[in-house]
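Down below is the structure, laid out as structure tokens.
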Amino acid sequence: MEQIILHKGDITRLEVDAIVNAANKSLLGGGGVDGAIHRAAGEELLVACTKLNGCKSGEAKITSGFKIPAKYIIHTVGPIYKDGRNNEAELLASCYINSLKLALDNGIKSVAFPNISTGVYRYPKLEAAQIAIRIIKNFLKQNSKFEQIAFCIFDNENYDIYKKLLDQK
């Protein structure tokens with residue numbers, strides 16, 4: 001079984017142990033994947049997120065998956081891209097690292113990631129994909145507990161970028 005997979009579609013429908021939410025700092029829902037996850041998981045997710053007191057960029061917090069197939073939702077806040085000289089790469093890398101650490105701490109064996117920060121936060125898509133893939137591959141070399149990590153891509157442009165980068169192996 002391939003340890004890293006690429007999936008095109010709706011992350012809220014994946015049957016994995018956990019999905020990652022590209023959340024905003026309040027964790028109370030928003031647009032894009034964040035809004036889709038909140039709608040699919042139901043009102044209980046909002047209630048659970050209010051108890052988490054927000055989240056800083058680069059950090060991650062976890063809740064139940066509620067009404068979605070995944071048992072857990074890991075919420076991480078990506079950086080808002082300004083010019084690449086404001087710690088954006090380090091913060092984005094931290095989103096993946098902290099999400100994976102939280103998954104390990106909770107016995108999660110399969111995780112699906114969206115494209116963190118590439119929507120309204122304007123992170124350049126190619127650079128964001130390169131960071132995500134590098135972090136995931138390095139993490140898997142050091143941690144054999146994951147059965148599968150998926151990149152769940154919704155749009156064609158990001159899908160093509162990830163496919164090309166993953167095919168390079």
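Taken together, the values in this text are just the output of simple stated rules run on the coordinates, not laboratory data. Please read these numbers as outputs of a predicted model, since none were measured by experiment. We place every Cβ from the backbone using ideal geometry, glycine too, and count neighbours over all the protein chains shown.
Can you match Rg/Rh (Cα atoms, Kirkwood Rh) to one of these, [x] 0.93; [y] 1.01; [z] 0.97, based on a calculation from the structure here? Checking each listed value against the structure points to [x]. Dividing the summed -39500 (n - 2.57) terms of all DSSP H runs of n ≥ 4 by the residue count of the chain sets its mean residue ellipticity at 222 nm at -12500 deg cm²/dmol.
Taking 12 Å as the straight-line reach from the Cα of Lys8, the aspartates and glutamates in range (excluding those fewer than 8 positions away in the same chain) are Asp155, Glu157, Asp160.
Computed extension gain for Asn106 through Lys145, at 0.36 nm per residue and net of the alpha carbon distance, reaches 12.9 nm.
Any of Lys56/Lys82; Lys67/Lys163; Lys101/Lys145; Lys56/Lys101; Lys61/Lys109 with alpha carbons more than 20 Å apart? Name them for me. In this structure, Lys67/Lys163 lie more than 20 Å apart at Cα. Stretching Arg134 away from Glu44 to a fully extended chain increases their span by 29.0 nm, per 0.36 nm per residue minus the current alpha-carbon distance.
Here the extension length gained between Arg13 and Lys164 equals 51.9 nm, from 0.36 nm per residue of separation less the Cα-Cα distance. With neighbours defined as other Cβ atoms within 10 Å of a residue's Cβ, the residues Asp167, Asp10 order from fewest to most as Asp167, Asp10. Distances between placed amide hydrogens fall under 5 Å for Ile62 paired with His75, all partners being 5 or more residues away or on another chain.
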